[in-house]
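This report concerns only the one structure given below.
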């Protein structure tokens, strides 16, 4: 009982009370946008100013792919907050931790000097897999990150890869899993300065506004508008979480997919196109007088 009270004091549970009313008009429009999609789609949108929300499969579990790096970032900053790591702590890269896929550190020379801040930045900006696995280790492993997620009230958001006891569920969801509602709430809570500490949240949010991958949801948001985002892609899933600091009120959304038929790694992949369409619709829905349209066509460049 004492441990439970300690957790409540130190790790306030995510309050879903921000949700005040279903936006039926938006929910209907989102339903039209995902109609006919060849796969399973989930969408959650919350207007942080009004509390109105829309949800389609918002509590369905989806693979995170690289979006798991948001919980890993939280785990890393938990260690920094406790003084077990420092943000600018020197580190040394070794070839033995090299991991392929996205990212830059896999191309570093063995014994290259680096630091924790670089690991965090590469993980969030370039979705670097090598630094992400390194950060997972520094955070105490998937088990410790999962404990943090539970303490923040997230019952379905979990790290599966390299996490004892989750080998079978990893076969289903891969590196990590979440729901559109939960990951949206985690990002919103970071934005409000309520994860780990205000200073940690602000640093995490800054890191999430500097992403390299901007040809999905971000391509449909004006470049002069700040947005924090993380996307995740594997053959059978394309997903993205975004918090937009819009002029007339911040909003957060998550588009998750799984079991997709179109597994091509092209700009016109069906799931990616749907993510862009949803992002464009949301920008115009919340900022109807903006008049902004993308000058750069992702599909033609």
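At a Förster distance of 35 Å, what's the computed FRET efficiency of residue 35 paired with residue 97, Cβ-Cβ distance as r, to 0.05? Please report the intermediate quantities before stating the final value.
Numbers: r = 44 Å, r/R0 = 1.26.
So the FRET efficiency works out to roughly 0.20.
Can you tell which of 113, 65, 188 shows the greatest fluctuation in a Gaussian network model of the chain with Cα springs below 10 Å?
113
Sort out for me the Cα centre separation of region 261-294 from region 197-242, rounded to whole Å.
14
Taking the number of other C-beta atoms within 10 Å as the exposure measure, put 265, 134, 292, 283 in order starting with the fewest. Walk me through the numbers on the way to the answer.
Values: 265 9, 134 24, 292 14, 283 21.
Listed from fewest to most nearby Cβ atoms, that is 265, 292, 283, 134.
Report the calculated FRET efficiency for residue 289 and residue 104 (r = Cβ-Cβ distance, R0 = 30 Å), to the nearest 0.05. Working shown, then result.
On the way: r = 40 Å, r/R0 = 1.34.
About 0.15, to the nearest 0.05.
At 222 nm, what helix-only mean residue ellipticity would the chain give, in deg cm²/dmol to the nearest 500, using -39500 (n - 2.57) for each DSSP H run of four or more? Don't skip to the end; give the middle numbers.
Details: 10 runs with 110 residues, N = 301.
Mean residue ellipticity at 222 nm (helix-derived): -11000 deg cm²/dmol.
In the Gaussian network model of the chain, springs joining C-alpha atoms below 10 Å, which of 244, 22, 43 carries the largest mean-square fluctuation?
Looking only at 244, 22, 43, the largest GNM fluctuation is found for 22.
Against the longest alpha carbon principal axis of the chain, how many degrees, from 0 to 90 and to the nearest 10, is the axis of helix 116-125 turned?
Helix 116-125 sits at roughly 20 degrees to that axis.
Report, to the nearest 10°, how far helix 180-191 tilts away from the longest principal axis of the Cα atoms in the chain, using its own Cα long axis and a range of 0 to 90°.
For 180-191 against the chain, the angle is about 70 degrees.
Would you work out the relative contact order for the chain, in percent, from Cα pairs under 8 angstrom that are 6 or more residues apart?
Values: 569 pairs, mean separation 67.1, N = 301.
Once normalised by length, the contact order is 22 percent.
Pulled fully out, how much extra length does the chain show between residue 298 and residue 19, if you take 0.36 nm times their separation in residues and subtract their Cα-Cα distance?
Values: separation 279, 0.36 × 279 = 100.44 nm, distance 3.39 nm.
Net length gain for the segment: 97.1 nm.
What is the angle, in °, between the Cα long axis of helix 142-151 and the longest principal axis of the Cα atoms in the chain? Nearest 10 is fine, range 0 to 90.
Once rounded, one gets 60 degrees.
Only the coordinates and a few stated rules stand behind these numbers; no lab work does. None of the values given here were measured: they were computed from a predicted structure. We place every Cβ from the backbone using ideal geometry, glycine too, and count neighbours over all the protein chains shown.
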